[in-house]
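Structure first, then comments.
The values are calculated or read from the model by the stated rules, or taken from the named source; none is laboratory data. Being a predicted model, the structure only gives us computed values, none of them experimental. So basically every Cβ, Gly included, is an ideal-geometry build from the backbone, and we count neighbours across all protein chains shown. The protein model used for the area step is the full one, side chains on, heavy atoms only, and it has no ligands, DNA or RNA in it. Shrake-Rupley method; radii C 1.70, N 1.55, O 1.52, S 1.80 Å.
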Amino acid sequence: MTTPTDLPTLATHWLTALDAELPAARALRRELHADPHVSGDEAPTRDRIVAALSDVVPFTPMTDAGAVGRLGPASGPSIALRAELDALPVTEQTGASFASKNGAMHACGHDVHQAALVALMRAARRVDLPFGLVGLLQPREETSPPGAQEMIQAGVIAQHDIAHVIGAHVHPGVATGAVASAGGFINAAAEEIDIRIEGRGGHGAYPHLAGDTVAAIAHIALGIPEVVRRTISPVRPALISIGTLNAGLGVANVLPAHAHIRSTMRTTDVGDRAELFAAVKRMAERTAEAYGTTATVTLIEGQPALINDHDLAFGINAWLTRLDVPGDEPMRSLGADDFAYFCEAVPSAMLFVGVETAGEDLQPTLHHARFLPDESAVDLTARALLAGYLAAAEGMLAVE
Ligand SMILES: [Zn+2]
């Protein structure tokens, strides 16, 4: 068994081996980028990655399009590294020589994560790992049912005695060359609130004889931000955005009998979810009643908040420094990522890898048709994952 003092030596050898793998990993990234597959259809991507690692580690299929492979000690606790497999239904506009032509696009950088994981696992065969290194090839990060939740339900944590999961995601909001690692909330819980208003409807000239769903839904829509402000402490981020508001039949003089709101609710504290939903429900029901209508308010459950383990994130920052990777301000957003399920299962950490584009005032965001991280992001993502493994191993060796 490796002793704690061996970790810096392990890091040095692993980095040297990683450097040798990077040219092939960058070529693999271009290949994966050119042939993306959307959520639920990722089997060809999984098979290409498994082939790239076939001489290093065997993979076992898991869920519809996922797979798991373990390097190093075959038993005992392990550290898992996650790579998402799916692309998005976006028509690429990057103009890159390796741009996708099939109507799908790796517009969230998952091709970079995949190539980085391959490089790091290939390099790992040259070192003596103190704990198992588990590669998680995870489908369906972008849609439901979430691939991370399905892999956990399939038993991956117990099968490999996974103690920690590390994820690294490229992000244009982090300075190029830097990696952001922070404890606490990183992404929000994302749920949907559906509000249906029913009324008598009637003639536009006789609103006093009708139940006016348009008036009701307009006041509910404007009331929602006020409910958020008065329910949740302003020091804990939370919001509700209305994405769909429907009422009316396309004519001017008929008061409609139905109206409908679909909104997304984002919270960062477990207790806030139920409290905010209850407050919106109360306001919507009573506002509807005031306009002679009724409201049916439904919560459609989504993903939990992504909460990074504080100790692990702190340890990763220290290892990033030792690996000569500059840190950056914590990257937190009210976006959502199903990595949250791994964080719920075991103490885990999601890191953000800087891919800011120089000289652009308005960065192409994640999921944008022109989002294209430079290939140096493969190297940086691999180093971020390496820092994650080393920090996790350090913590596990300390308690052995
Ligand atoms: Zn993503």
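Quick rundown of the values:
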quantity: 3J(HN,Hα) from dihedral phi, the stretch 192-203, Karplus parametrisation 6.51/-1.76/1.60, rounded to Hz, x for glycine, proline; calculated: 10, 10, 10, 10, 10, 10, 10, x, 6, x, x, 8
quantity: Top of L255, L312, L209 by mean-square fluctuation, Gaussian network on the chain, Cα under 10 Å; calculated: L209
quantity: With DNA, RNA and ligands ignored, accessible area of S348 (1.4 Å probe; Å², nearest 10); calculated: 0 Å²
quantity: GNM flexibility winner over the chain from L276, L18, L362 (Cα, springs under 10 Å); calculated: L362
quantity: The stretch 1-145: equivalent-ellipsoid semi-axes (sqrt of 5 x gyration tensor eigenvalues, Cα, Å); calculated: 29, 17, 11
quantity: Carbon and sulfur %, accessible surface of the stretch 32-73 computed with the full protein complex present, 1.4 Å; calculated: 55 percent
quantity: 1.4 Å probe accessible area per residue over the stretch 20-150, in Å²; calculated: 34 Å²
quantity: Potential extension, A74-S97 segment - 0.36 nm per residue separation minus Cα distance; calculated: 4.2 nm
quantity: Cα→Cβ-extended label distance, 7 Å offset, between T321 and T357, nm; calculated: 3.4 nm
quantity: Calculated [θ] (222 nm, deg cm²/dmol) that DSSP helices of n ≥ 4 give over the chain, each run adding -39,500 (n - 2.57); calculated: -12000 deg cm²/dmol
quantity: Under the Karplus curve 6.51 cos²θ - 1.76 cosθ + 1.60, θ = phi - 60°, whole-Hz ³J(HN,Hα) for the stretch 275-280, x wherever Gly or Pro sits; calculated: 5, 5, 4, 4, 5, 5
quantity: Accessible area of M331 in the full protein assembly, 1.4 Å probe (Å², nearest 10); calculated: 30 Å²
quantity: Whole-Hz ³J(HN,Hα) from phi, Karplus 6.51 cos²θ - 1.76 cosθ + 1.60, for the stretch 171-182, glycine and proline x; calculated: 8, x, x, 10, 4, 4, x, 9, 10, 9, 10, 8
quantity: Net dipole in debye of the stretch 189-303 [+1 Lys, Arg Cβ; -1 Asp, Glu Cβ; about Cα centre; nearest 20]; calculated: 160 debye
quantity: Over the stretch 83-126, volume per residue of the alpha carbon convex hull, in Å³; calculated: 74 Å³
quantity: For G202, residues with placed amide H under 5 Å, excluding near neighbours; calculated: L255
quantity: P(r) of the stretch 189-303 over all Cα-Cα pairs, binned every 10 Å from zero, in whole percent; calculated: 15, 45, 26, 12, 2
quantity: Distance from the stretch 40-65 to the stretch 169-242 (C-alpha centre basis), Å; calculated: 39 Å
quantity: Full-stretch length increase - R236, V251 - with 0.36 nm per residue and alpha-carbon distance subtracted; calculated: 1.1 nm
